[in-house]
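One structure is given below, encoded as structure tokens.
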Amino acid sequence: MKVEPIVYGDRKVYTVAAFNRGVAEWLQRLPTLWVEGEVTDLRRQAGWQTVFFMLKDPENGACLSAAMPRGQFDALRLDLANGERIHVYGRPELWPQKGELRLRALSIERFGIGEHLAALERLKARLAAEGLFAESRKRPLPRLPRRIGLVTGNDAAAKRDVLTAIQSRFPPARVVVAETLVQGQRAAAAMVEALAAICAEPEVDVVVLARGGGGFEDLLPFSDERLVRAVAGCPVPVVTAVGHEQDMPLCDLAADRRASTPTAAGRLVVPDLEELLAGLGRARVALARGTRRTLDRHSQRLAHTHERLRRAPVLLVERRRAALAQKAGRLRALSPRATLDRGYAIVRRDGALVRTSGAVAPGDAISVEVADGAFGARVE
Amino acid sequence: MTYEEAEKELTQIVEQLERGDAGLDEALKLWERGEELYRFCAAHLEAAEGRIEELSKRVDSARPDG
């Protein structure tokens with residue numbers, strides 16, 4: 001059927017039906033392709049010839065209507081449920097009656113483990129590139145948290161293990177527990193909400209996110225981007241203990257600490273009370289000993305100073321005496337007596353020094369001074 | 001003051017006293033302060049009472065679609 005406009009003078013106008021038909025025809029030129037999304041709003045009713053559902057983009061919530069003939073849908077035996085991730089092979093079409101775009105599904109495949117793994121790797125690479133898993137983002141755990149938040153499923157084991165570990169190691173611990181969904185399509189959103197609620201509690205200084213072991217798909221919510229971001233953005237440090245040692249959900253990479261088991265997580269978040277008390281006792285002993293040592297040192301220093309003070313006058317006299325002896329030595333070296341000691345003599349006439357032979361005449365009385373005394377003599 | 005702050009200060013005081021280089025008055029003041037911190041920490045541990053509270057009930061009931 002051709003799409004013919006109605007002509008009003010120089011304006012061409014299309015009826016709604018004609019417009020829809022035109023767009024629908026144009027859409028048929030688009031190729032058949034695979035689309036990935038989560039099933040929501042699945043409607044399969046006995047009286048209807050077609051099964052309808054929405055495909056939702058888990059990243060940003062974008063939606064696309066899809067439809068498949070019921071016989072074909074049932075033949076696939078997928079037993080699909082809302083929230084499941086699928087690949088749909090189909091082509092876009094316009095539903096003329098409503099003017100709505102939808103995907104005409106030719107085939108549907110459930111998102112398998114292979115696809116999940118590939119998607120996880122992509123998400124991991126993207127978040128890693130963003131720096132969400134960087135070591136520099138990891139915060140130290142508080143030594144003695146005022147309150148501990150515990151986000152866990154209602155499976156008794158993980159919760160009991162964390163609480164037992166905390167209470168046996170540090171009996172005075174205060175724990176606030178948020179039980180939430182940890183499995184299934186709504187788990188990630190529920191855990192994000194529980195995490196926020198726990199952090200809104202006063203005095204919560206650290207949060208433990210724990211879940212016991214489970215199959216690969218059971219642990220998928222712990223790799224959900226929303227939860228990973230919530231863990232990384234948590235205002236207080238987060239310790240994760242999810243699944244078994246070999247499981248490594250992405251929330252473990254974003255956590256500040258990862259524990260291998262719920263018990264290990266419990267032990268990480270509290271100190272050992274016995275050790276703490278013993279350490280305090282040791283600190284007190286060291287405090288007294290250190291003070292004693294400081295006092296002893298001061299008293300020794302005082303005694304030493306006192307000794308120096310006592311000896312100061314004696315030292316002064318000795319120093320003066322030594323200085324005097326030195327001066328006497330120098331004096332002696334300069335005096336004529338030293339010359340006399342070497343065998344010279346001083347000759348005087350009438351008390352005056354005789355310096356020349358002409359100064360005396362034969363018969364004059366002179367005195368001669370030598371090293372050890374003097375004697376009189378007469379000139380010849 | 002938190003327990004951690006008190007514990008850290010106590011450790012610093014012990015280290016300072018163990019070096020023995022504090023002045024006399026200072027040493028006595030440090031010792032008094034250390035004792036005070038010790039008593040604070042010990043009291044903190046003794047006074048704390050273990051408690052487990054359940055938040056989940058409240059969270060769930062607050063959820064219209066929970």
Output row, site B:A42, 7 Å Cα→C-beta label point, backbone N cut-off 14 Å, window segment A:287-324, residues A:287-288
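For A:D364 and A:A46 in one chain, what is 0.36 nm times their gap in residues minus the Cα-Cα distance, to one decimal in nm?
Residue separation times 0.36 nm, minus the Cα-Cα distance, leaves 97.2 nm.
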Highest GNM mean-square fluctuation among A:L195, A:L120, A:L276, for chain A with Cα springs under 10 Å, belongs to A:L276
Given backbone amide H placed at 1.01 Å from N, residues whose amide H is under 5 Å from that of A:T180, ignoring those fewer than 5 places away on the same chain, are A:T152, A:G153, A:N154
Here FRET efficiency (C-beta to C-beta, A:A374 to A:V314, R₀ 41 Å, nearest 0.05) is 0.45
Restricted to chain A, the DSSP antiparallel beta bridge percent, nearest 5, is 65 percent
Sequence order, segment A:77-89: Karplus ³J(HN,Hα) from phi using 6.51 cos²θ - 1.76 cosθ + 1.60, θ = phi - 60°, Hz rounded, Gly and Pro as x, gives 6, 7, 6, 5, 10, 4, x, 6, 8, 9, 10, 10, 9
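Sort A:C251, B:C41, A:C199, A:C63 by Cβ crowding within 10 Å, fewest neighbours at the top. Don't jump to the answer; show the numbers that get you there.
Details: A:C251 26, B:C41 23, A:C199 18, A:C63 13.
Ranking A:C251, B:C41, A:C199, A:C63 by Cβ neighbours within 10 Å, fewest first, gives A:C63, A:C199, B:C41, A:C251.
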Reduced to Cα centres, the span from segment B:18-50 to segment A:79-158 in Å works out to 52 Å
Diffing segment A:174-182: the Karplus 3J(HN,Hα) column from phi (6.51, -1.76, 1.60, θ = phi - 60°), in whole Hz with x for Gly and Pro, holds 10, 10, 10, 9, 10, 7, 8, 5, 10
Listed by chain and number, the residues whose amide H is under 5 Å from that of A:R174, excluding neighbours fewer than 5 places away on the same chain and using placed H, are A:I148, B:R51
Honestly segment A:25-120 on the Cα gyration tensor test (a ≥ b ≥ c root eigenvalues; a/c under 1.5 rounded, otherwise a/b vs b/c for prolate or oblate) is just oblate
Sparse-neighbourhood loop hits (trypsin sites (Lys or Arg not before Pro), segment A:256-351; DSSP loop; Cβ within 10 Å at most 15 others) -> A:R342
Within the set A:K98, A:K124, A:K56, GNM on chain A using Cα springs under 10 Å gives the largest fluctuation to A:K98
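Rounding to the nearest 20 debye, state how big the charge dipole of segment A:232-303 is about its Cα centre with +1 on each Lys and Arg Cβ and -1 on each Asp and Glu Cβ.
Details: 10 positive and 8 negative charges, 182 e Å.
That gives a dipole near 880 debye.
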Label model pair B:E35, A:T305: point-to-point distance (7 angstrom along the Cα→beta-carbon line) in nm is 2.5 nm
Between the alpha carbon centres of segment A:160-205 and segment A:259-336 the gap in Å comes to 53 Å
GNM of chain A, Cα pairs under 10 angstrom: of A:D41, A:D364, A:D161, the biggest fluctuation goes to A:D364
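Hey, got the dipole for the protein assembly as shown? About the Cα centre, +1 on K and R Cβ, -1 on D and E Cβ, debye to the nearest 20?
Computed charge dipole of the protein assembly as shown: roughly 2120 debye.
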antiparallel share of DSSP beta bridges within segment A:6-111, to nearest 5, in %, is 90 percent
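When the dipole is taken about the Cα centre of segment B:3-62, and only Lys, Arg (+1) and Asp, Glu (-1) are charged at their Cβ, what size is it in debye, to the nearest 20? Please list the in-between numbers first.
Values: 8 positive and 17 negative charges, 50 e Å.
So the dipole magnitude of segment B:3-62 works out to roughly 240 debye.
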Using alpha-carbon positions, the gyration tensor of chain A gives root eigenvalues a ≥ b ≥ c; with a/c under 1.5 called rounded, otherwise prolate if a/b exceeds b/c, else oblate, the class is prolate
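At a Förster distance of 56 Å, what's the computed FRET efficiency of A:W95 paired with A:A129, Cβ-Cβ distance as r, to 0.05? Intermediate values should be presented prior to the final figure.
Numbers: r = 40 Å, r/R0 = 0.72.
Efficiency at R0 = 56 Å is approximately 0.90.
From the square roots a ≥ b ≥ c of the eigenvalues of the alpha-carbon gyration tensor of segment A:133-271, which class results: rounded (a/c under 1.5), prolate (a/b over b/c), or oblate? Don't skip to the answer; put the middle values down first.
Details: a/c = 1.42, a/b = 1.25, b/c = 1.13.
Rounded shape, in that the Cα axes give a/c under 1.5.
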Rounded to 0.05, the calculated FRET efficiency for the beta carbons of A:A322 and A:D296 at R₀ = 51 Å is 0.85
The aspartates and glutamates whose Cα lies under 19 Å from the Cα of B:K29, excluding any fewer than 8 residues away in the same chain, are A:D296, B:E5, B:E7, B:E9, B:E15, B:E18, B:D21
Listed by chain and number, the lysines with an alpha carbon less than 28 angstrom from that of A:K2, same-chain partners under 8 positions apart left out, are A:K12, A:K98
Along the dipole axis of chain A (charges at Cβ: +1 for Lys and Arg, -1 for Asp and Glu; origin at the Cα centre), the most positive-end residue among A:A345, A:P313, A:L268 is A:A345
The answer for chain A, counting only DSSP H helices whose Cα atoms cover 15 angstrom or more along the axis and whose Kyte-Doolittle average is 1.0 or greater, is A:187-200
Taking a crude spin-label model, label points 7 Å out from Cα along the C-beta direction, the A:Q28 to A:A157 distance in nm is 5.8 nm
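Laboratory data are not the source of any read-out in this text; all were calculated from the coordinates shown. As the structure is a computational prediction, the values presented were derived from the model and not from experiment. Don't worry about glycine lacking a Cβ; one is built from the backbone with ideal geometry, like all the others, and counts go over all protein chains shown.
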